[in-house]
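Bear in mind these aren't lab numbers, they're just calculated from the coordinates by the rules spelled out. No experiment lies behind these values; they were computed from the predicted model shown. Here the Cβ positions follow ideal geometry from the backbone for every residue, glycine too, while neighbour counts run over all protein chains shown.
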Amino acid sequence: MKELAVNPEVDGPGEALAKLRAHFATGFKASLKNEFASTETLKDFLTTAREGHCEYFATASAVALRKLGLPA
């Protein structure tokens, strides 16, 4: 996943999690606000709004880790 700079062939689960955590620490904000511009709320959370409640962070994390082949 180029956005996270994770190489699943080289990076282990710990490194993938550290990069995911660092990604969310830059420009994302935890909030109770759930107003998104489109019906694709997860995509909007990751690309535009960058603000949402814990379920969006958890879902985005699980999807990213699964895409890397890590069980989540």
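Observations on the model:
- For residue 58 and residue 18, the difference between the fully extended length at 0.36 nm per residue and the C-alpha to C-alpha distance is 12.9 nm.
- When peptides 22-33, 49-60 are ranked by their average number of other Cβ atoms within 10 Å per residue, the highest-first order is 49-60, 22-33.
- The count of lysine pairs in the chain that are at least 8 places apart or cross chains, and whose C-alpha atoms lie under 23 Å apart, stands at 10.
- Taking amide hydrogens as placed 1.01 Å from N in the peptide plane, the amide H of residue 51 sits under 5 Å from those of 29, each at least 5 positions away in sequence or on another chain.
- With Cα atoms, 0 to 90° folded angle of helix 13-25 axis to the chain main axis: 30
- Placing unit charges on the Cβ atoms only, positive for Lys and Arg and negative for Asp and Glu, gives the chain a dipole magnitude near 80 debye about its Cα centre.
- Within the chain, helix-based [θ] at 222 nm, where runs of 4 or more DSSP H residues each add -39,500 (n - 2.57), nearest 500: -13000 deg cm²/dmol
- The chain, relative contact order in percent, only Cα pairs under 8 angstrom and at least six apart counted: 28
- Potential lengthening of the chain between residue 50 and residue 5 amounts to 14.3 nm, from the contour at 0.36 nm per residue minus the alpha-carbon distance.
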